[in-house]
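Participant: Once you've had a glance at the structure underneath, I'll fire off some questions.
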Amino acid sequence: MKVIGGPSSQLLASRVASALGCELTVCEFKTFPDNEMYIRIIDEIGPEAVIVQSTATDSDYVALLQLIDACSTADRIHVVIPYMGYARQDKIFKRGEALSARAMARPIEADNVITVNIHETSVLDHFQCNTVNVNAAPLMGQYIRDMDHFRNPVILAPDEGAKGLVASAAEELGIDYDYLEKKRLSGDTVQVAPKNLDVKDRDVVILDDIVSTGSTMAEAVRMLREQGAADVYIACIHPVLAGSAILKLSRSGVVEIIATDTIEKAVSKVSVAPLLAKTLSEL
Ligand code: R5P
């Protein structure tokens, strides 16, 4: 097995190769003056190739398609898409729209596709090969448990939809968890508060799959601070952090942002490499 790191996932690919104890191939990436992309895998590809490439941007996606094509001499190709862009457009809401997640999945030609906490698992049905979606939330739970600065923390989902994600991070480790519920108090007053737990004087980590613009999290941080929470942290699997999300979150009073390396950013403190290596070794 050889691991090929795409331009968006070079660190993660290196970590996966080292966790698997296999070779990391070197690739050349460049952009032509007209902005088209050039990709070349310099080392021998061998019979089994693992491509690691998140597709947070359109050009990341083009790079992935080119890498798959460049591996066409391999007998088996495993494509790891740690963060799959467009997975949130998983339904047709208005007549004439593209089902973007399907449009992205269909052209991927591989033996196996591995994703990490894909936004909707129904998207996996659009790939024409075997798929595995792994859950990185328990790794996030371990990080929260192991860091000394969290004092008796509670992990909260920003809405009921993320309750399962939070439960999988906290339950086995015996960390308290809950979700934020929106309650309408009057015609124009809405209160957002934990459904069951009191956060007063407790450290809180709000965990979601994706932080994109940061609006959902910034609002939750403000509400929890008003309710007397001690330090409020934000955790996510995929730190999209579009535009001024970091500024927005910092201004809301968040103490720290913790994310995985499905998208490689300064806040990517938890690596999903051990999880991916284990999955690949079991294929
Ligand atoms: C949505 O369904 C996701 O789970 C996140 O809650 C959402 O992507 C967060 O978006 P934003 O950071 O823009 O509020």
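The values are calculated or read from the model by the stated rules, or taken from the named source; none is laboratory data. Because the structure is a prediction, the values reported are computed rather than measured. Because the Cβ atoms are built from the backbone with ideal geometry, glycine has one as well, and the counts that use them run over all protein chains shown. When the accessible area is computed, the model is the full protein with side chains, heavy atoms only, and any ligands, DNA or RNA have been set aside. Shrake-Rupley method; radii C 1.70, N 1.55, O 1.52, S 1.80 Å.
Participant: Using a basic spin-label model with each label point 7 Å from the Cα along Cα→Cβ, how many nm lie between GLU171 and LYS30?
Facilitator: Going by the 7 Å Cα→Cβ label model, 5.2 nm.
Participant: Where in the range 186-209 does the label zone of GLU226 land, with the point 7 angstrom along Cα→C-beta and an amide N cut-off under 17 Å?
Facilitator: Answer for the range 186-209: 186-195, 199-201.
Participant: Can you compute the FRET efficiency between HIS149 and ARG95 using 1/(1 + (r/R0)^6), with r the Cβ-Cβ distance and R0 = 45 Å? Round to the nearest 0.05.
Facilitator: 0.30
Participant: Next question, about the same structure. Pull out a ≥ b ≥ c, the square roots of the eigenvalues of the alpha-carbon gyration tensor of the range 156-283, then state rounded if a/c is under 1.5, prolate if not and a/b is larger than b/c, and oblate in the remaining case.
Facilitator: Cα axes put the range 156-283 in the prolate bin.
Participant: Highest mean first, how do 260-272, 171-183 rank when packing is the count of other Cβ atoms within 10 Å averaged over residues?
Facilitator: 260-272, 171-183
Participant: Which whole-Hz couplings ³J(HN,Hα) result when phi for each residue of the range 257-269 is put into the Karplus expression 6.51 cos²θ - 1.76 cosθ + 1.60, θ = phi - 60°, listed in order with x for Gly and Pro?
Facilitator: Calculated HN-Hα couplings, in order: 10, 10, 9, 9, 9, 5, 10, 7, 9, 4, 8, 7, 9 Hz.
Participant: Taking the Cα centre of the chain as the origin, how large is its charge dipole in debye, to the nearest 20, when only Lys and Arg (+1) and Asp and Glu (-1) carry charge on their Cβ atoms?
Facilitator: Once rounded to the nearest 20, the dipole reads 740 debye.
Participant: I would also like to ask the following. Just the C-alpha atoms of the chain: what Rg/Rh do they give, with Rh taken as the Kirkwood radius?
Facilitator: Using Cα coordinates only, the ratio equals 1.01.
Participant: Summarise the accessible area of the chain (1.4 Å probe, protein heavy atoms) by the percent that is carbon and sulfur.
Facilitator: Carbon with sulfur: 47 percent of the solvent-accessible area.
Participant: Tell me, what is the percent relative contact order of the range 137-261, built from C-alpha pairs under 8 Å that lie six or more residues apart?
Facilitator: 23 percent
Participant: Counting Lys and Arg as +1 and Asp and Glu as -1, each charge on the Cβ, what is the dipole of the range 137-261 about the Cα centre in debye, to the nearest 20?
Facilitator: Rounded to the nearest 20 debye, it is 440 debye.
Participant: While we're on this one: Quick query: amide H of GLU256 versus all other amide H atoms, modeled in the peptide plane; which residues come in under 5 Å with a sequence gap of 5 or more or a different chain?
Facilitator: Those lying under 5 Å, H to H, from GLU256 are ILE234.
Participant: To continue, here is another question. Step through the residues of the range 12-24 one at a time and calculate ³J(HN,Hα) from phi using the Karplus curve (6.51 cos²θ - 1.76 cosθ + 1.60, θ = phi - 60°), rounding each to whole Hz and writing x for Gly and Pro.
Facilitator: Using θ = phi - 60°, the values come out as 4, 4, 4, 5, 5, 4, 5, 5, 7, x, 10, 6, 9 Hz.
Participant: Please give the FRET efficiency for LYS182 paired with THR121, using the beta carbon to beta carbon distance and R0 = 35 Å, rounded to the nearest 0.05.
Facilitator: Calculated transfer efficiency: 0.90.
Participant: Given the Cα-Cα distance of GLU282 and THR189 and 0.36 nm per residue of separation, how much length would full extension add, in nm?
Facilitator: 28.3 nm
Participant: Here is a further query. Once phi is turned into θ = phi - 60°, what whole-Hz ³J(HN,Hα) does the Karplus curve with 6.51, -1.76 and 1.60 give for every residue of the range 119-131, x standing for Gly and Pro?
Facilitator: Residue by residue, the range 119-131 yields 4, 10, 5, 4, 4, 4, 5, 7, 7, 9, 8, 5, 10 Hz.
Participant: Quick check for you: with a 1.4 Å probe and neighbouring chains kept, what is the accessible area per residue of the chain, in Å²?
Facilitator: Computed with neighbouring chains in place, this is 48 Å² per residue.
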